[in-house]
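Report on the structure given below.
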Amino acid sequence: MGKTQREEWDLAEITTDVLIIGTGPAGAATAALLATYGVENMVVNRYRWLANTPRAHITNQRTMEVLRDLGHEVEAEAYMHATEQDLMGENVFCESLAGEEIGRMKSWGKHPLSRAEHMLASPSHMNDLPQTFMEPILFSAACKRGTQARMSTEYLSHEQDADGVTTTLLDRLSGREFQVRSRYLVGADGGNSLVAEHIDAPIEGKMGVGGSMNILFRADLSKYVAHRPSVLYWVMQPGADVGGIGMGLVRMIRPWNEWLIVWGYDINEPAPVVDEAMATNVARQLVGDPELEIELLSANTWTVNDAYATNMQNGRVFIMGDAAHRHPPSNGLGSNTSIQDAFNLAWKLAAVVKGQAGEALLDTYTTERAPVAKQIVTRANQSIGEFGPIFEALGMTGGTDIEKIKASMDARCDAGEAGEAQREALRQAIAFKKYEFDAHGVEMNQRYRSSAVVADGQPEPSFTRDAELHYQPTTWPGARLPHVWVFDHSTGQQVSTLDLCGNGRFTLLTGIGGEAWCDAATQVGASLGLDITCHVIGPRQKYIDHVGDWARASEIGDTGCLLVRPDHHVGWRSAAIIAEPAKELSRVLQLMLSKK
Ligand code: FDA
């Protein structure tokens with residue numbers, strides 16, 4: 001008698017708890033986090049190695065907090081390879097690198113006021129870390145900690161049943177197909193995700209709304225840039241507003257001798273073939289040096305997308321990263337959001353695999369992250385349009401007549417009302433680009449609403465400043481735990497409140513008089529099989545709030561408590577001690593973990 005399908009699956013050659021497709025930022029981060037949490041996992045990539053071009057680079061504070069949570073050595077390795085924040089932010093707008101500078105804005109936390117907000121918000125720093133460095137850091141952390149990785153292995157299809165997922169993979173070296181049986185499958189397979197297609201993930205929006213090309217090359221451009229250090233040099237030439245990401249771009253990869261040019265093409269025309277001659281020509285044109293010699297490293301075309309998934313899960317299968325949100329690089333959100341998706345899903349998968357949570361906890365991944373997908377796709381595409389006023393202020397929107405454009409641009413140097421108005425319009429248009437280049441709130445303000453957050457009856461605090469530009473800390477359940485420095489009693493060293501939490505565990509933070517919460521944590525933790533850490537912050541305690549920042553940020557009384565999830569988001573809080581803390585903590589955790 002032939003085997004039933006079920007028996008075939010049971011014969012899958014490899015079994016694991018979580019199979020991850022893709023070793024990009026999303027997949028590698030998921031693998032690293034799961035391995036750190038002690039969950040068996042396997043990751044595959046259809047290519048023989050990791051990213052071969054430095055696509056993502058702007059690495060925001062929230063992402064660095066995820067790396068910090070993976071361990072100080074992981075965070076330190078990222079800083080070691082990154083270009084530091086101080087060299088990132090003189091965002092230049094120019095006719096060409098050698099030509100006239102038209103304007104500048106301080107970006108990525110370079111302005112002292114913005115830098116102060118960055119410093120207050122997080123123990124981690126924004127930096128510029130090309131994807132060719134980020135992926136090996138995450139991938140190696142994963143493999144060192146137990147992830148089984150298979151390269152040259154392509155995802156073909158999957159089938160799920162009540163107990164698990166059977167995935168068919170192709171070993172590209174031998175041409176042999178084989179099956180992996182896992183409890184869960186994560187599709188972190190990028191913008192053309194086959195996994196998303198196979199689960200019929202509902203995608204809103206449009207793909208291919210603009211055409212763009214990347215030209216990666218080496219050339220020492222120090223003489224044009226070292227005095228105005230930046231990661232982005234925006235070049236305004238006729239044709240710069242066609243396709244692409246809003247304007248011609250010369251992007252620093254390594255200061256100041258490795259570069260990526262991003263230049264648009266008309267999406268209604270066939271994609272151009274970017275050969276060495278064309279690449280050199282575009283580089284010479286944007287740098288403004290007709291003699292420039294470049295060492296071309298690679299060139300390719302890609303499309304600007306404007307699409308996001310409204311559901312990131314189908315049963316036991318999840319999608320994350322570009323598979324779920326497809327958008328231009330504006331605001332530098334893609335890899336960042338991918339890694340943050342992983343931080344959201346990994347602890348939930350771990351809790352379910354370890355039997356600490358009900359499967360319904362996994363539904364909160366979509367509830368919490370799909371709104372973020374929509375938010376970032378919308379923001380990134382809006383940012384492209386927001387270059388428009390700069391072109392308008394320079395009179396560059398009325399056609400391609402070079403002489404006319406030149407005359408309009410020259411007019412901004414004229415004395416008189418018209419010239420003054422043009423100068424003011426240009427200043428305002430450039431300053432408005434802070435919504436792309438200094439949007440700290442877009443990066444840090446995510447607040448979750450789902451059954452993995454238990455409300456405390458308090459209304460959500462409204463934003464007192466522009467929520468896209470400014471991060472606003474709060475301990476309102478669903479928000480990320482505010483960072484402040486407290487001090488270790490025995491060493492005197494400052495420690496971030498975020499460092500007291502995370503590491504795959506739930507944490508309770510309380511103050512003097514709230515010790516009963518710690519007893520409750522021990523008791524409830526034992527009964528639910530959870531490792532709950534508890535910290536009392538106050539004078540003569542292990543952590544001391546010498547400067548009073550925690551008292552200001554915690555929004556609870558000394559006897560109250562914050563219950564912080566493994567991903568640093570506040571899951572619940574109590575303003576003060578209550579009559580039966582263990583009973584209440586047990587109720588709250590069972591709700592959050594979908595145990596009831
Ligand atoms: P990603 O595409 O990186 O990885 C997909 C993985 O799946 C790869 O390992 C691939 O080989 C694998 N795969 C695909 N199909 C498979 C199959 N069938 N079988 C097996 N494996 C398969 N982001 C950011 O945060 N900051 C920034 O500054 C920028 N800048 C930037 C500039 C430019 C020019 C571009 C084009 C993009 C950016 N980005 C960015 C975006 C960023 O690059 C992007 O969002 C991330 O790479 C997405 O990471 P993922 O892991 O989701 O997919």
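Here, each number is a calculation from the coordinates, and none is a lab measurement. Just so it is clear, the structure is predicted and the values come from calculations on it, not from any experiment. Glycine also receives a Cβ, built like all others from the backbone with ideal geometry; neighbour counts cover every protein chain displayed.
Evaluated at 4 °C with a viscosity of 1.567 mPa s, what Stokes-Einstein diffusion coefficient in µm²/s does the range 473-596 have when Rh comes from the Kirkwood expression over alpha-carbon pairs? It comes out at roughly 91 µm²/s. Do the alpha carbons of any pairs in K144/K542; K106/K433; K404/K434; K348/K596 sit beyond 21 Å of each other, and which pairs? Checking Cα-Cα distances, K144/K542; K404/K434 exceed 21 Å. Ranked for footprinting exposure by Cβ neighbours inside 10 Å, fewest first, T63, T83 give T83, T63.
How charged is the neighbourhood of A351? Take every other residue with its Cβ under 14 Å from the Cβ of A351, and add Lys/Arg as +1 and Asp/Glu as -1. Summing Lys/Arg as +1 and Asp/Glu as -1 gives +1.
Label positions at R427 and H546, each projected 7 Å from the Cα along the C-beta direction, are separated by 4.3 nm.
Using only alpha-carbon positions in the range 154-225, the gyration tensor eigenvalues give semi-axes of 37, 20, 11 Å once each is multiplied by 5 and square-rooted (largest first).
Using every pair of distinct Cα positions in the range 151-286, the Kirkwood expression returns a hydrodynamic radius of 18.6 angstrom. Beta bridges assigned by DSSP with both partners in the chain are antiparallel in approximately 70 percent of cases. Where the alpha-carbon atoms of the range 42-126 are placed on the principal axes, they occupy 51, 36, 17 Å, in descending order. Eigenvalues of the alpha-carbon gyration tensor of the chain, scaled by 5 and square-rooted, set the equivalent ellipsoid semi-axes at 43, 32, 20 angstrom, largest first.
Add +1 for every Lys or Arg and -1 for every Asp or Glu among the other residues with Cβ under 14 Å from the Cβ of F133, and state the total. Counting the neighbours of F133, the net charge comes to -4.
Loop-located GluC sites (Glu not before Pro) across the range 24-124 with a Cβ neighbour count of 14 or fewer within 10 Å are E84, E100, with loop assigned by DSSP. Just the number: Rg to Rh for the range 458-506, Cα atoms, Kirkwood Rh, two decimals. Radius of gyration relative to Kirkwood radius: 1.07.
Here the contact order of the range 457-596, divided by its residue count and restricted to Cα pairs under 8 Å and six or more residues apart, works out to 28 percent.
The residues L67, L591, L33, when put in order of fewest to most other Cβ atoms within 10 Å, stand as L591, L67, L33.
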